Amino acid sequence: MSRYDQIGQLVERRAMLRGSLGAAALVGLQACASATKLAQTSAAPPPPLPGKSISLVPLRVSLDQLIDLKCCLRPLRAAGPNLGTEMVRDTLVVHNYGHGGSGWSLSWGSADVALGKALTVFPKEIAVIGCGIIGLTTAVLAQQYGLKVTIYSRDPIQRSRSFRASGSFTPSSRIALAEPAGPAFGDLWEQMARFSWKAFRTCLGLPGKPVEFTESYGLSDTPPQRRVWTPDPAITDSYATKGTPLQHTEFAHLDERIRDIVPQSVALAPEEIPFNVPYATRTSQMHFNFSSYAHMLQSEFFGRGGQYVMRDFATPAQFADLKEKVVIHCTGYAARDLINDQTVIPVRGQTGWLVPQPEANYGVRYKNVSVLSKADGVVVQNNSSTPELGDMLGVGNSMELVNRADTEAALKIIAPVFAPAARQA
């Protein structure tokens, strides 16, 4: 039986183990208990009756609800994630970083690929460098494969860049550039995406709702049309000549390869639309609730005897100083400096967070602004200023300081769709 076929059995063992796991965890783990209780109170909106308006509690998208602003740098590699290997003295180092905006979404599948390479030398124990979502997932999957694991990291997942993401299943978001990645990358991506999807589905319905589906509505003032991107003939340079992408069409777009398992959007009839717009589509979107998801992984990691060592690394040569002779390197954007991988391109992304609203459990997209109500808060993203950039938005921008005005503008743009007129029967 292949590792892909085993994932359902391996991850399902979490549910059996969870009843006996202890309270050991990293900094901030105790605070997860209240977030777990909050997540359990959320409920999906009731299905609509044919010909009737969908009944939704309006989201409160006002400045008085704003409680946090976050900004992270997504690590884009033109050729896709680095899953290669190298020897550092007597230590096998397997790389697992550079997932662009798809780190959460591909975490399980990417971990499986990396572990497949690590297991070729039959280790009994391994080290994982980094404790973001890629590192922590890799560590837990390694334990499920029977290995003893120690995580070495400067920060726990709650202080990593992973915790500043938006948390939706977006497995092809800035994952690679089509030409540098090459024609074979699509098969590898699909393998990772399907493996991850299957793993995430085993987390549905668990306490705290670490993974759940919500309804997501695409709103428009004009009849919705699928945008077709074409290369701009005025742009003659590309990644090949400049070392950075220059237009949206350079990116690999792979979502069609898993269309058979991911819910697709459908148009709503005018009488069904509960928003102050004439056109709307609806789909079911998988997302991750950071607090309960991290709690789940950390609990399993420590419950299986995992060890965490707070440590920073200045050079990859220090990997060989560890007692473990197989190391999986998962430092994300930090790999750009740590191992001098200058092919890692920063992609800036900012999110605003509103007070959790479990009674309004859905998402909305309008004029390139999106809001998604999750158990850990309502996440707001603003892509309205330059919609023509597509995937190019934020590329090459390494500024991690937040811009409050950006989120305030997003709230002003999307607030009218929740106007009282939209809620009249």
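Numbers for the structure displayed
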quantity: Residues of region 108-122 satisfying the condition of being open to solvent by 10 Å² or more (accessible area, probe 1.4 Å) and in contact with a Lys or Arg (Cβ under 7 Å, 6 or more places away or on another chain); calculated: Gly116
quantity: Qualifying residue in region 367-381 (condition: within 19 Å of Cys72 (Cβ to Cβ) and open to solvent by 50 Å² or more (accessible area, probe 1.4 Å)); calculated: yes
quantity: Subset tally (residues that are at negative phi and under 25 Å from the mean Cα position of the chain (by Cα)) for region 207-227; calculated: 13
quantity: Count of residues meeting criterion [open to solvent by 50 Å² or more (accessible area, probe 1.4 Å) and either of a type in the set (Phe, Trp, Tyr) or not in a helix (DSSP H, G or I) (or both)] in region 264-279; calculated: 7
quantity: The listed residue being within 28 Å of Gly377 (Cβ to Cβ) and crowded, with 21+ Cβ neighbours inside 10 Å, out of Phe301, Phe251; calculated: Phe301
quantity: Residues satisfying the stated conditions in region 168-208, i.e. under 22 Å from Glu300 (Cα atoms) and of a type in the set (Ser, Thr, Tyr); calculated: Ser196, Thr202
quantity: Selection count where residues are more than 20 Å from Gly101 (Cα to Cα), open to solvent by 10 Å² or more (accessible area, probe 1.4 Å) and either in contact with a Gly (Cβ under 7 Å, 6 or more places away or on another chain) or among the β-branched types (Val, Ile, Thr) (or both), scope region 327-353; calculated: 1
quantity: Subset tally (residues that are in a loop (DSSP other than H, G, I, E, B) and open to solvent by less than 50 Å² (accessible area, probe 1.4 Å)) for region 309-323; calculated: 2
quantity: Conditions (1) open to solvent by 40 Å² or more (accessible area, probe 1.4 Å); (2) under 17 Å from Ile273 (Cβ atoms); (3) among the small types (Gly, Ala, Ser); number of the one not met by Ala419; calculated: (1)
quantity: Residue under evaluation His295, criteria (1) touching a Cys at 6+ places or on another chain (Cβ under 8 Å); (2) open to solvent by less than 10 Å² (accessible area, probe 1.4 Å), criterion not met; calculated: (2)
quantity: Strands (runs of 3 or more DSSP E) enclosed by region 324-425 - at least 2 residues per element that are of a type in the set (A, V, I, L, M) and more than 24 Å from Ile67 (Cα to Cα); calculated: 326-329, 344-354
quantity: Scan of region 213-248 for residues that are farther than 28 Å from Ala184 by Cβ, hydroxyl-bearing (Ser, Thr, Tyr) and surrounded by fewer than 18 Cβ atoms within 10 Å (Cβ to Cβ), ordered by number; calculated: Ser220, Thr222
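Residue by residue, here is whether (1) touching an Asp or Glu at 6+ places or on another chain (Cβ under 9 Å); (2) within 28 Å of Leu177 (Cβ to Cβ); (3) at pLDDT below 95 holds:
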site: Val228; (1), (2), (3): no, yes, yes
site: His248; (1), (2), (3): yes, yes, yes
site: Leu254; (1), (2), (3): yes, yes, no
site: Asp260; (1), (2), (3): no, yes, no
site: Leu268; (1), (2), (3): no, no, no
site: Ser284; (1), (2), (3): yes, no, no
site: Phe288; (1), (2), (3): yes, yes, no
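The values are calculated or read from the model by the stated rules, or taken from the named source; none is laboratory data. Computed from a predicted structure; not experimentally measured. FYI the Cβ positions are ideal-geometry reconstructions off the backbone, even for glycines, and counts take in every protein chain you see. The area values use the complete protein model at the heavy-atom level, side chains included, leaving out ligands, DNA and RNA. Shrake-Rupley method; radii C 1.70, N 1.55, O 1.52, S 1.80 Å.
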